[in-house]
1. Using the Cα atoms of segment 307-392, I'd like the radius of gyration and the largest Cα-Cα distance, Dmax, both in angstrom.
2. I want to check the label-to-label distance for ALA467 and LEU365. Put each point 7 Å from Cα in the C-beta direction and report it in nm to one decimal.
3. In whole angstrom, and with the biggest value first, how far do the Cα coordinates of segment 84-217 range along each principal axis?
4. Which parts of segment 465-489 would a label at ARG109 reach, counting a residue when its backbone N lies under 15 Å from a point 7 Å out along Cα-to-Cβ?
5. Taking θ = phi - 60°, what integer Hz values does the Karplus form 6.51 cos²θ - 1.76 cosθ + 1.60 yield along segment 496-502, in sequence order, with x for Gly and Pro?
6. Over the Cα atoms of segment 361-443, how large are the radius of gyration and the largest Cα-Cα distance (Dmax), in Å?
7. Among 141-152, 367-378, 347-358, what's the highest-first ranking by average C-beta atoms within 10 angstrom per residue?
8. Grab the Cα-Cα distance for ASP524 and LEU255, subtract it from 0.36 nm times how many residues apart they are, and report the gain in nm with one decimal.
Amino acid sequence: MSSTVSYWVLNSARNSITTLQAGRRLYSRCVSNGNKSKWRLFSRVPATLKDSSPCGSFALQKAYRHTSTEEDDFHLQLSPAQVNEVLRAGESAYKILDLDSRVPNSVLRFESNQLAANSPVEDRRGVASCLQTSGLMFGIFDGHGGHACAQAVSERLFYYVAVSLMSHQTLEQMEGAMESMKPLLPILQWHKHPGDSIYKDVTSVHLDHLRVYWQELLDLHMEMGLSIEEALTYSFQRLDSDISLEIQAPLEDELTRNLSLQVAFSGATACMAHVDGVHLHVANAGDCRAILGVQEDSGMWSCLPLTRDHNAWNQAELSRLKREHPKSEDRTIIMDDRLLGVLMPCRAFGDVQLKWSKELQHSVLERGFNTEALNIYQFTPPHYYTPPYLTAEPEVTYHRLRPQDKFLVLASDGLWDVLDNEVVVRLVVEHLDEAGRHKPDLAQRPTNLGLMQSLLLQRKAKGLHAADQNAATHLIRHAIGSNEYGELEQERLTAMLTLPDDLARMYRDDITVTVVYFNSDSIDTYYKGG
């Protein structure tokens, strides 16, 4: 993006009436007040409709306000070092330690990063080890209509999955500790970036619901717990049900009551992976995505998709929706490539306004909530006849890891809107190669200031930026900085990072990425050991 284009970005935002499009969402300025303009997010639009104007009735999800009054408020002054500082602020990286040295872990390490477009950011991420079962869990949670639902799901979903996988004996120990008011067994060990939203301690209400869930599992009398497929499916649906029930039940604490309302009326898509030895399971509800980077024996790289986006371009999703509703609604379930003309993903947590009856919505909202202050939009789409129209039931994929499976990429749709699967694999491979090339082999040559200066001059002469040490950062850099030919442009990258908060969301989405590297030697050992 050149400075001329950047100037147009700001100027276009000041037109008296205009429609802007970012990613696959449409924005229109509908209120003008002096030098201040209010923007409203209508909804996401498909790539094929990027030149279209908004039409029909859309949910007014969120308002944005731009307060700059002079063009010179909008600077493109970030140096390359400052660009790197912004891009790398959300980085996290961990090397996985082997809990059992006899069996090396199939996960070698993971790298993650997040770049906000919304303020506050609506994406969430999570990585945790199950302490009472074997396995690592990775999750990407993409919120809409606010961050509350994504935050709640990121805090709670892994607990439901971990409990689902516990043996009958472990569940009995959990229940015994609760009955005798003793400390619970530790369930998860979180691995998170210090700057991530803090995972709150499980509140009493949340713990009560988790306990009811494990009591029901105890009643099933299954010695070894649920299968992983069952655990993932039931956990997604059970948590979504609990989110719905928590706001229907009377809550005396106003803070908890207001938060529960925000969680239920906002929404979140989710994609999570569970890795246990060579067993990889991915559960997806919505339009986050997971892919594998595979290197064949020939050395060639390929991409193996592990999820399908749940939206209007997924013919299986369209067929499912039509089966679940009367034939008279075939033409109204999906309008303008959105669910009821409102929502892009066809599966999500929360969003009770697309799940509850109109009567239930009214009865809950009439309990004295200040919906305007809580940023809750009361909007019933046209043709709302036979709810629920939305589900949190995930699609679960199983893959048995092979030595040629080198890495897993999970990301929110902010990445996939601008980079396709094959490009993402290529960029991760290039990152690995670049990181190796830029790492000087000082063991083979004497280390001195002259050598270091020579290496720096060589890098400068080639026009190379300092190599990213984090693959997620490398992907985000290219997602927002590449032109239409896939070439990285420093001017464009700088411009996209300099946009004010209220304009940034018009040109890019929140992007959250986690790259998981597998230990090929460890996986090979599993096969050789039977």
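1. Final numbers for Rg and Dmax: 13.8, 42 Å.
2. 5.5 nm
3. Cα extents, longest axis first: 51, 43, 21 Å.
4. 467-474
5. 5, 7, 9, 4, x, 3, 6
6. 23.7, 71
7. Numbers: 141-152: 27.3, 367-378: 12.9, 347-358: 23.7.
Averaged packing, sorted descending, gives the order 141-152, 347-358, 367-378.
8. Extra length from ASP524 to LEU255 when fully extended: 91.7 nm.
The values are calculated or read from the model by the stated rules, or taken from the named source; none is laboratory data. Everything numeric in this text was worked out from a predicted model, so none of it was measured. Cβ: placed from backbone, ideal geometry, glycine included. Neighbour counts: every protein chain shown. When the accessible area is computed, the model is the full protein with side chains, heavy atoms only, and any ligands, DNA or RNA have been set aside. Shrake-Rupley method; radii C 1.70, N 1.55, O 1.52, S 1.80 Å.
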